[in-house]
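K.L.:
Pasting a structure here, questions to come.
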Amino acid sequence: MKNSKFLVTLFSVLLGLVIGAIILLISGFNPIEAYWIMFTGIFGNIKYISWTIIRSTPIIITGISVAFAFKTGLFNIGAEGQFIIGSLFAMMAGYLLNLPPVIHGLVAILVGALAAGIWAGIVGMLKAKFGVNEVISSIMLNWIALYLNNYFLTFPLLRRPNSDASYKVLDSAKINVLGQWKASEAGQAVLSNNKFLRDLLNPPVNYGFILAILLAILIWYILKNTTLGYQLKAVGYNKDAAEYGGINIKKNIVVSMMIAGGLSGIAGATQVLGVEHQVGILAASQGYGFDGMAVSLIAGNSPLAAIPAGLLFSGLKYGGGKLNSTIQAPSEVISIVLGSIVFFVAMPKLFEMASSLLAKKKRGESVE
């Protein structure tokens with residue numbers, strides 16, 4: 001089964017690239033040249049690899065969040081709003097609190113995770129208590145999170161004068177690798193004489209990617225080897241059977257959403273503490289949560305597979321961004337490739353659902 005899923009994903013990636021090549025040909029560009037530019041745009045320089053990893057981190061973690069919710073029978077389409085809440089509260093903890101280095105960053109991440117977990121818990125509570133579909137409530141909360149972020153930045157305590165962004169988090173809260181050393185005279189002297197090290201560390205390299213790997217392992221372990229994971233999956237597979245077995249359905253729905261929300265909040269926190277160091281007025285969603293949904297689908301809703309899926313997604317977007325600047329090819333072709341990959345990955349499930357409905361009709365069962 002695992003091998004078949006891997007082959008489906010691999011085949012879907014190849015089909016997506018083929019469709020991208022066809023679009024490039026129709027547009028008058030050489031697809032081999034375009035894909036070579038993409039490849040060198042990812043692996044041609046250690047700096048490009050650093051940026052690919054940095055950009056993959058938030059979508060890997062939101063992908064883990066969506067995958068976890070799927071495994072427990074829930075569709076966490078609210079990862080985008082949870083990401084915003086996590087980044088907002090991590091920024092406030094990183095700027096307003098005065099704590100020692102390392103501890104400050106950890107506390108800020110925990111604050112972001114807790115805030116986003118509570119935010120997602122609202123979705124779980126509405127579903128558990130009142131039967132409100134989590135898709136509807138989480139979409140609404142995405143918009144509320146966006147405008148709540150903007151509202152918080154109307155306060156002079158948080159917003160920099162003459163700016164559309166907050167104050168930057170304190171240096172003690174940043175999670176960048178060798179951040180203070182890079183800014184020091186000794187660090188600058190070393191980097192100026194070592195091109196490889198300079199290209200590797202000049203991007204905002206941070207510990208978020210390591211955290212993403214640890215979270216993937218942790219969520220995999222929880223789902224596979226713990227009583228909590230068993231209960232959450234049981235509720236997702238069959239609520240009636242789980243309730244008959246003595247599992248508290250309502251409690252587990254809320255817990256599942258809170259864990260998923262906390263994960264997306266950690267994604268937002270790592271982005272603020274490791275890359276942007278501030279939050280700004282948002283005109284629209286940033287897309288990290290929605291990209292996480294695509295990563296989860298490509299990964300087959302596996303927390304561990306979200307890591308390579310996120311790297312693939314990030315690499316295609318980062319490398320594809322160089323098409324327009326080099327050969328003036330439309331960078332939108334990468335969105336077509338990614339959309340095609342997700343589409344083909346989802347096709348087997350679509351066929352499975354269709355065949356199941358046809359089988360029920362033949363047996364004369366209700367398909368509602």
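K.L.:
Could you run through the range 167-198 and say how many residues are small (G, A, S) and touching a Phe, Trp or Tyr at 6+ places or on another chain (Cβ under 7 Å)? I'd like the intermediate steps shown before the answer.
P.N.:
From the range 167-198, those small (G, A, S) are 172-173, 179, 183-184, 186-187, 189, 192; that's our starting set.
Checking the rest, the ones that are also touching a Phe, Trp or Tyr at 6+ places or on another chain (Cβ under 7 Å) come to 187.
Of the residues in the range 167-198, 1 are small (G, A, S) and touching a Phe, Trp or Tyr at 6+ places or on another chain (Cβ under 7 Å).
K.L.:
Next up: Inside the range 161-193, can you point out the residues that are among the basic types (K, R) and in contact (Cβ under 8 Å) with a residue 40 or more places away in the chain?
P.N.:
Keep residues of the range 161-193 that are among the basic types (K, R), which gives 168, 174, 182.
Answer for the range 161-193, where residues must be among the basic types (K, R) and in contact (Cβ under 8 Å) with a residue 40 or more places away in the chain: K168, K174.
K.L.:
Going by the conditions given, is N238 among the polar types (S, T, N, Q) and at pLDDT below 85? Please lay out each step first, then the result.
P.N.:
Values: among the polar types (S, T, N, Q): yes; at pLDDT below 85: yes.
Yes; evaluated as a whole, the condition is true for this residue.
K.L.:
Taking interchain pairs and intrachain pairs at least six residues apart, which have beta carbon atoms under 8 angstrom, with the first residue in the range 115-129 and more than 23 Å from S87 (Cα to Cα) and the second assigned to a helix (DSSP H, G or I) and basic (K, R)?
P.N.:
A128/K250; A128/K251; K129/K250
Here's the yes/no breakdown for (1) touching a helix residue (DSSP H, G or I) at 6+ places or on another chain (Cβ under 7 Å); (2) within 30 Å of F68 (Cβ to Cβ):
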position: M91; (1), (2): yes, yes
position: V102; (1), (2): no, yes
position: I109; (1), (2): yes, yes
position: V123; (1), (2): yes, yes
position: K127; (1), (2): yes, yes
position: E134; (1), (2): yes, yes
position: P161; (1), (2): no, no
position: A165; (1), (2): no, no
position: S184; (1), (2): no, no
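K.L.:
Restricting the range 65-86 to residues that are part of a helix (DSSP H, G or I) and over 11 Å from the mean Cα position of the chain (by Cα), which is surrounded by the most Cβ atoms within 10 Å (Cβ to Cβ)? Working first, answer last.
P.N.:
Of the range 65-86, the ones part of a helix (DSSP H, G or I) are 65-71, 79-86.
Within this subset, residues satisfying the condition of being over 11 Å from the mean Cα position of the chain (by Cα) are 68-71, 81, 84-86.
Numbers: F68: 29, A69: 32, F70: 19, K71: 24, G81: 29, I84: 30, I85: 31, G86: 36.
Out of the qualifying residues, it is G86.
K.L.:
Considering only the range 202-292, give the helices (runs of 4 or more DSSP H) lying wholly within it that have at least 2 residues that are surrounded by fewer than 17 Cβ atoms within 10 Å (Cβ to Cβ), among the hydroxyl-bearing types (S, T, Y) and without any contact (Cβ under 8 Å) to a residue 40 or more places away in the chain.
P.N.:
Values: elements: 208-225, 227-237, 239-244, 249-271.
The helices (runs of 4 or more DSSP H) meeting that bar are 227-237.
K.L.:
Let me spell it out: the conditions are (1) in contact with a Gly (Cβ under 6 Å, 6 or more places away or on another chain); (2) at pLDDT below 85, and V66 meets all of them except one. Which number is the exception?
P.N.:
Result: V66 passes all but (2).
K.L.:
Given (1) over 27 Å from V254 (Cα atoms); (2) not in a helix (DSSP H, G or I), where does V132 come up short, assuming only one miss?
P.N.:
(1)
K.L.:
Something else now. Looking at the range 144-179 only, could you name the residues that are among the β-branched types (V, I, T) and within 14 Å of M92 (Cα to Cα)?
P.N.:
Of everything in the range 144-179, those that are among the β-branched types (V, I, T) and within 14 Å of M92 (Cα to Cα) turn out to be T154, V169.
K.L.:
Of the residues L323, L311, which single one is crowded, with 20+ Cβ neighbours inside 10 Å, in contact (Cβ under 8 Å) with a residue 40 or more places away in the chain and over 30 Å from Y221 (Cα atoms)? First the steps, then the outcome.
P.N.:
Working: L311 fails: over 30 Å from Y221 (Cα atoms).
Among L323, L311, only L323 is crowded, with 20+ Cβ neighbours inside 10 Å, in contact (Cβ under 8 Å) with a residue 40 or more places away in the chain and over 30 Å from Y221 (Cα atoms).
K.L.:
Among the residues of the range 237-273, what is the count of those that are β-branched (V, I, T) and over 19 Å from T226 (Cα atoms)?
P.N.:
3
K.L.:
Quick check on my filter: what residues within the range 155-201 are in a loop (DSSP other than H, G, I, E, B), in contact with a Ser or Thr (Cβ under 8 Å, 6 or more places away or on another chain) and not hydrophobic (A, V, I, L, M, F, W, C)? Steps first, please.
P.N.:
Start the filter on the range 155-201 by keeping residues that are in a loop (DSSP other than H, G, I, E, B), which leaves 155-158, 160-164, 167-170, 174-175, 177-178, 184, 193-194.
Next cut, in contact with a Ser or Thr (Cβ under 8 Å, 6 or more places away or on another chain) only: 158, 160, 175.
If the condition is that a residue be in a loop (DSSP other than H, G, I, E, B), in contact with a Ser or Thr (Cβ under 8 Å, 6 or more places away or on another chain) and not hydrophobic (A, V, I, L, M, F, W, C), then R160 is the only one that fits.
The values are calculated or read from the model by the stated rules, or taken from the named source; none is laboratory data. Keep in mind that what you see is a predicted model, and the values were worked out from it rather than measured. Quick reminder, even Gly has a Cβ in these numbers, built from the backbone with ideal geometry, and neighbours come from all protein chains shown.
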